[in-house]
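Below you'll find the structure, written out as structure tokens, and then a few comments.
The values are calculated or read from the model by the stated rules, or taken from the named source; none is laboratory data. In this text the structure is predicted, and so the values were computed from the model without any measurement. Here the Cβ positions follow ideal geometry from the backbone for every residue, glycine too, while neighbour counts run over all protein chains shown. The protein model used for the area step is the full one, side chains on, heavy atoms only, and it has no ligands, DNA or RNA in it. Shrake-Rupley method; radii C 1.70, N 1.55, O 1.52, S 1.80 Å.
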Amino acid sequence: MPKFSVVISVFNKDKYIAETLKSVLAQTFTDFEVVILNDGSTDNSEAEIAKFDDPRIRYFSQHNQGAGAARNAAIAKARAEYIALLDADDHWYPYYLEEQNRLITEFPAQSVFATATELKRNGKTFKNSYSIKTIAANAVVVDYFEASQLDSVLLSISTVVKKKVLQEVGGYDPAIRSGEDTDLYVRIGLKYKVVFSPKVCATYIVRKNSLFQSVNKITDKATFEPYEKHEKDHPALKKFLDLNRYSLCIFAKMQGDKKAFEKFYQKIDKDNLSKKQQFLLRQNKTILKYLSKTKNSLEKLGLRLGTFK
């Protein structure tokens, strides 16, 4: 059995999947398989994947069922104990799996592992930041919610998790079109700590045609309502969910959905938001759209304004 199963679901990523696979096959730690599931792509994704002749690649296809269902199907076919998540249009540095193997070796009692990441958008690259203190390259065991109030320590390009964890928490919710990954991380965070390495080992690339960018209905997004019952006894979870509600409020206001805005706004403890976030919640749709365009312009100049900052 391989040490890692690298799990990739693909839907219309023919322009990117080759570079993603090259970054996987270039890993210095080589004891892995690649499980690729084509979720009904209508472009040339299958042809691009077929160009790779490597015995570690296992290819499957199905009719389109959505990102969550596709990821679950790919994970079900994985043979290794450790699942390495990866999106079909992102990138690993050659030492990514080597670093993950180091974390597993140094923390044998743990089940969830992650490394720091960088974000590439508008032609610029930014190092993500986290709400924890790290020292040099030393890995730390963290509470997911405490550590993820700036950028998330768990991402679908930088997370390795024991397969039994995914089986226990229930995998991805196929009903969620945007935010299904964060919804999964909440369930993981309620049960497990995260071993986190501050070493940047992966690049998340934001693209204009991404699923996140294309979703325009609040009903397609994760709302985290099943986890409200845990908030009273978990202040870090409460703040984490309030930050996500803040994002949902901004989205609802930009969509002109007053009912959804009020629904999420009433649940937020305003003390969990920064002055900037509280200011933005008071702005109208026109101003928010203008500020969004300004944010994109600033990022092209190398200045990043994060969602939770």
Strands (runs of 3 or more DSSP E) wholly inside segment 105-179 containing at least 2 residues that are under 18 Å from residue 206 (Cβ atoms) and in contact (Cβ under 8 Å) with a residue 24 or more places away in the chain = 112-121, 124-127
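A quick yes/no check of all residues on (1) of a type in the set (Gly, Ala, Ser); (2) farther than 21 Å from residue 184 by Cα:
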position	(1), (2)
5	yes, no
18	yes, yes
33	no, yes
47	yes, yes
61	yes, yes
69	yes, no
83	no, no
ask   = Among the residues of segment 26-38, is there at least one that is of a type in the set (Gly, Ala, Ser) and in contact (Cβ under 8 Å) with a residue 24 or more places away in the chain?
value = yes
Selection within segment 231-255 - open to solvent by 80 Å² or more (accessible area, probe 1.4 Å) and at pLDDT below 95 = 232, 233, 255
request  = Considering only residues that are small (Gly, Ala, Ser) and modelled with pLDDT of 95 or more, look in segment 191-218 and name the one that is farthest from the chain's Cα centre (by Cα).
outcome  = 197
key: residue 167 vs. criteria in contact with a strand residue (DSSP E or B) (Cβ under 7 Å, 6 or more places away or on another chain), open to solvent by 10 Å² or more (accessible area, probe 1.4 Å) and modelled with pLDDT of 95 or more   = no
ask   = For segment 1-101, list the helices (runs of 4 or more DSSP H) that sit wholly inside it and hold at least 1 residues that are over 23 Å from residue 112 (Cβ atoms) and among the polar types (S, T, N, Q); which are they?
value = 45-50
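Could you tell me which of the residues 300, 309, 258, 221 is in contact with a strand residue (DSSP E or B) (Cβ under 7 Å, 6 or more places away or on another chain), modelled with pLDDT under 95 and loosely packed, with under 14 Cβ neighbours inside 10 Å? Walk me through it before giving the result.
Values: 309 fails: in contact with a strand residue (DSSP E or B) (Cβ under 7 Å, 6 or more places away or on another chain); 258 fails: in contact with a strand residue (DSSP E or B) (Cβ under 7 Å, 6 or more places away or on another chain); 221 fails: loosely packed, with under 14 Cβ neighbours inside 10 Å.
Being in contact with a strand residue (DSSP E or B) (Cβ under 7 Å, 6 or more places away or on another chain), modelled with pLDDT under 95 and loosely packed, with under 14 Cβ neighbours inside 10 Å holds for just one of 300, 309, 258, 221, which is 300.
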Matching residues, segment 261-283, being buried (at least 20 other Cβ atoms within 10 Å of the Cβ) and either of a type in the set (Gly, Ala, Ser) or within 16 Å of residue 178 (Cβ to Cβ) (or both) = 264
task = Could you check how many residues of segment 11-48 are under 28 Å from residue 104 (Cβ atoms) and not hydroxyl-bearing (Ser, Thr, Tyr)?
result = 16
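Those residues that are of a type in the set (Gly, Ala, Ser), closer than 29 Å to residue 1 by Cβ and in contact (Cβ under 8 Å) with a residue 24 or more places away in the chain, I need them from segment 42-51; list them, please.
45
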note = How many residues of segment 1-16 are open to solvent by 30 Å² or more (accessible area, probe 1.4 Å) and at pLDDT 95 or above? The answer is 7
